[in-house]
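The structure under discussion appears below in the form of structure tokens.
The values are calculated or read from the model by the stated rules, or taken from the named source; none is laboratory data. Nothing here was measured: the structure is a model prediction, and the numbers come from that model. Note: ideal-geometry Cβ built from the backbone for every residue, glycine included; neighbour counts use all protein chains shown.
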Amino acid sequence: MFRIVSSALAPVLLLAVVSPSLHAAPAVDIETAATVYQEAATREQVRASLGTMPNHIRQLFSADTAAKLTDEQLNAVTAAAKRGFRIDVFEVPALVALAANLDAETVKKTESFLTSDAGRRMVAADIAEAKLDEATIDKVMNGEIAYPTTPKREALFDKLERAARSTESTVQIFISMGQAVAIGTAVGAGRDPAEVAQSARKSGEAGRAALEQNMREPLRRYLAYGYRDLSDSDLKHMLSFLESPHGKRYVAANIASMGAGFDAMGRRCGEHLGEKLRELAQAQLDVPAREPPAIAAPGRGPLPK
């Protein structure tokens, strides 16, 4: 249910807004959270998105016209992204956040859903869609690829998108990632990250609502395409779970988990990048070090459901 659509990069030098831990019941242990993580095939979905991340991060830095980076600096961006955006960097903080936001009863209800026939078909569809190539993803989100549907199914997909908080979680993950890259870069370069964080906060407050509005319809198409082979009965089963109290808690826990994992990868990327840019500046003292630019969107595209 929670996909990473890596071409949906929007302005992400923003403040991360990670879902707060829910305290109505005690958190579960990491082993229990790992079982849910495995049954939802989160690793497979995240791993599928990471191969294209270095190129996307490079494109985002390249798009900035105010602080044009040299080819050598852009190569440093690519190398830092390869070192930062890895499943082993993602997984520990993601599992810690997932465990902190679940409770025993939610785990029980979630496992019952994920291991049901409809749940298994949903997870299989999630994995398949996570492995789509970038060109196909863009076409789906732009409405260029048709899929069998009815007004009834479209209404179900609209409800599913909102129940899964797909748009909210997508925007939040990239906001978290972008801020982490910016702060990590500042730390790696020996600068005070406080000013970067303040600027990110202002950007996030100004742009979040508009970004969610612009992405909601493309992500709904992406959802509908991914579940095109599921029956109406399957979709209703999914919606029933997601709209239940335990389903809502599971959704919130996943948003927190994905945000924590991408935040960790973004920070790792930023730290490596900051160190490398500082080395380049020291090696060429006659060339002033450039300020890493805010990440700008390539213009379109998809992320978790």
Looking at the stretch 239-262 only, could you name the residues that are over 21 Å from the mean Cα position of the chain (by Cα) and buried (at least 19 other Cβ atoms within 10 Å of the Cβ)? 241, 246
What tally of residues in the stretch 58-71 results from selecting those that are modelled with pLDDT of 85 or more and crowded, with 18+ Cβ neighbours inside 10 Å? 1
Determine, yes or no, whether residue 110 is among the hydroxyl-bearing types (Ser, Thr, Tyr) and either within 18 Å of the chain's Cα centre (by Cα) or farther than 15 Å from residue 35 by Cβ (or both). no
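Each row is one residue, and each column tells you yes or no for (1) at pLDDT below 95; (2) in a helix (DSSP H, G or I); (3) crowded, with 16+ Cβ neighbours inside 10 Å.
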{"site": "73", "(1), (2), (3)": "yes, yes, yes"}
{"site": "76", "(1), (2), (3)": "yes, yes, yes"}
{"site": "98", "(1), (2), (3)": "no, yes, yes"}
{"site": "108", "(1), (2), (3)": "no, yes, no"}
{"site": "111", "(1), (2), (3)": "no, yes, yes"}
{"site": "120", "(1), (2), (3)": "no, yes, no"}
{"site": "125", "(1), (2), (3)": "no, yes, yes"}
Just checking, how many residues over the stretch 148-157 are at pLDDT 90 or above and assigned to a loop (DSSP other than H, G, I, E, B)? 2
Test of understanding: among 81, 33, which residue is in a helix (DSSP H, G or I) and modelled with pLDDT of 95 or more? 33
